[in-house]
Amino acid sequence: MAQLVVDLSPREESFQLKPPLSMVSSRIPEGLLTISLQRVQIHTGAPPYRIQVMISGGDPAQLVVLRDALHRIMMGTRGQPLRPLHPNILQDCEPLLPLSPEQQRVTDLALSGKSIFFTGCAGTGKSLVIKHILRALPAATTFLTASTGLAASALGGTTLNAFAGIGRAEGGLQGMLKMASRPDAAKRWRTATTLIIDEISMVDGGMLDDLEQVARSVRRCKQPFGGLQLVLTGDFHQLPPVAKGRQAMAERKFAFEADCWESCISACMLLTKVYRQADREFVDILSAVRRGRCSRAILDKLQDRCGRPLGMVDSILPTKLYTHTDDVDAINSRHLAELSGEAVRFVAQDTGNPDTLKSACHAKAVVELKVGAQVMLTRNVSAKRGLVNGARGVLERFVGNTIRLPVVRFASGPEVTVGKERWTVKSGNRVLATRTQIPLACAWALSVHKSQGMTLDKVEVNLARAFEGGMAYVALSRARSLEGLHVSGKIHPQALQADPKVTAFYAAMASR
């Protein structure tokens, strides 16, 4: 069930809805959505008055269409639209899966105000824990960030650099201090009480030390990290900090190597239960790959079990994972061009800073699709129906006249008319930018970096050009099962290596 909440200006003494809510369904594009209004509650206590509309029925992917229609239809007595409290009502009201006992312990510790780092292998529910923490903490003073725009977009946050106001972090510490001291950035630093950083494995330790000094300076507080509570998460056995060139590779440090780590982080916690894969054999293989202990026997078993092509199931091909984006772009472009029929272009509707959207929004400004295209959802739509980030399908047709929308048959079973979704880039409770776009992308191929955080039912992995340790683990752990995994060609030895410093860090965690 989705919930729409709108408020009325405190100056208003009375209100009415124009037209009546019973007419809402007539405003929805034909064939896209059927709704049933179950309950309308009008709260007329102390201003501001609230109108609460509870809606059920229809395709969850299309409720956003209803939300936008309600925004247009519901009017106050002075003819002004009512202001929505939540810019992305589906994201705010999507029911979360319950936490396991160990996930709840992490959440409770974060809500106690302690600065923590929590980790775990792929599929242990780190993102779910973040969502629960976010819902429990005050939005105005809690800032969600990530090391990359892709990771930030998945959770509705912004990049760490954007929060800090340091741009590309050029000019050394003094340059960062100067930029972070500008009014907008300084206000964020001083407003914040909790800073969440996802994918901490890709944040360089030197960068974390610089930010710690920036925090103390801008917040005018000598406590570690300027008195901010830190909630850090990620897996250091996955992708490391980005470094270009041999010298940069040699100089980079993991976040746990930062001088400020011990003083800033009071507890490190490990999530152990894997939910993505149910096959114990596969979980054990992935654990060996993650720790760099993939023996010849384990590798032979992996390639023997996963050496056969997967083929097509109900016209849905496996997603091919590659280490380089040039391979991905070439494959997707070629396959789309080979399809006959008209290409339909979906151009995003944007608000706010274009640069912010470019760096921190997962959705593309333009999506071009054809009937027969292999596609993938780029955000969670309905976890109960298997319509999650990474869900694969084939585009069957387009519907609608004024607004054309794709109908996708997903591997998880349902045939769904996919409506537009709204991505919100936020800093605390301030919306920096929004993008409304179809949550689909061509998915004949995908890069290993962009697959991080996804679950794929059928995936072909090519690691012949791997250039980082952890790449094999990230790629292989996207698959839900050994039956849905195909390893093509040889795996570059670099992809199977685990950094000795990371191994030692996790060993120390386990011994505490």
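The values are calculated or read from the model by the stated rules, or taken from the named source; none is laboratory data. None of the values given here were measured: they were computed from a predicted structure. Every residue, glycine among them, receives a Cβ derived from its backbone with ideal geometry; neighbour counts consider all protein chains shown. SASA here: full protein model, heavy atoms, side chains in, ligands and nucleic acids out. Shrake-Rupley method; radii C 1.70, N 1.55, O 1.52, S 1.80 Å.
Rolling a 1.4 Å probe over the protein heavy atoms of segment 261-349, with every protein chain left in place, gives an accessible area that is 51 percent carbon and sulfur.
Binning all Cα-Cα separations of segment 190-281 at 10 Å, short to long from zero, yields these whole-percent fractions: 15, 42, 27, 14, 3, 0.
Of the solvent-accessible surface of segment 363-434, computed with a 1.4 Å probe and all protein chains present, 46% belongs to carbon and sulfur. The value for segment 122-203 of Rg(Cα) / (2.2 N^0.38 Å) is 1.14. In plain terms, the bigger the Kirkwood radius, the slower the diffusion; for segment 230-287, with that radius from Cα pairs, at 25 °C and 0.890 mPa s, Stokes-Einstein puts D at 169 µm²/s.
Note: relative contact order over segment 166-254, using C-alpha pairs below 8 Å and six or more positions apart, is 32 percent.
Values of log10 I(q)/I(0) for segment 362-403 across q = 0.18, 0.26 Å⁻¹ run -0.65, -1.07, by the Debye formula with one identical scatterer at each alpha carbon and no solvent.
Any chance you could tell me what percent of the C-alpha pair distances in segment 204-335 go past 19 Å? Counting pairs separated by more than 19 Å, the tail of P(r) holds 71 percent.
Protection proxy ranking of 479-492, 263-276, by the mean of other Cβ atoms within 10 Å over each peptide's residues and highest first, is 479-492, 263-276.
Positive contributions from Lys and Arg (+1) and negative ones from Asp and Glu (-1), summed over other residues with Cβ under 15 Å from the Cβ of V106, come out at +2. Solvent exposure of segment 175-285 amounts to 46 Å² per residue of accessible area, where only protein heavy atoms count and the probe is 1.4 Å. Once phi is turned into θ = phi - 60°, what whole-Hz ³J(HN,Hα) does the Karplus curve with 6.51, -1.76 and 1.60 give for every residue of segment 253-262, x standing for Gly and Pro? Values per residue, Gly and Pro as x: 10, 6, 4, 5, 8, 4, 4, 8, 4, 5 Hz. Both numbers refer to the Cα atoms of segment 343-469; Rg and Dmax are 15.5, 49 Å.
Computed with the Debye formula from one identical point scatterer per Cα of segment 403-512, without solvent, the log10 of I(q)/I(0) at q = 0.10, 0.24 Å⁻¹ comes to -0.50, -1.26. With N counted as the residues of segment 267-404, its alpha-carbon radius of gyration over 2.2 N^0.38 Å works out to 1.37. Protection proxy ranking, highest mean first, for peptides 129-137, 221-229: 129-137, 221-229, where packing is the per-residue count of other beta-carbon atoms within 10 Å, averaged. Of the accessible area of segment 173-245, computed with a 1.4 Å probe over protein heavy atoms only, carbon and sulfur atoms account for 50 percent. Kirkwood radius for segment 305-346, taken over all pairs of different Cα atoms as the inverse mean of 1/r, rounds to 12.7 Å. Counted by Cβ distance under 11 Å from G175, the other residues give a net charge of 0, where Lys and Arg count +1 and Asp and Glu count -1.
For I197, the residues 5 or more places off, or on other chains, whose built amide H falls under 5 Å of its own are T145, V231, L232, T233.
Annotation: peptides 454-465, 279-290, 394-405, ranked by per-residue average of other Cβ atoms within 10 Å with the highest first, follow the order 454-465, 279-290, 394-405. If you find the alpha carbon centre of segment 223-263 and of segment 321-394, how far apart are they in angstrom? Taking the Cα centre of segment 321-394 as reference, the centre of segment 223-263 is 31 Å away.
For segment 319-383, the C-alpha radius of gyration sits at 1.30 times the compact-globule guess of 2.2 N^0.38 Å, with N the residue count. With only the Cα atoms considered, segment 418-468 has a convex hull volume of 147 Å³ per residue.
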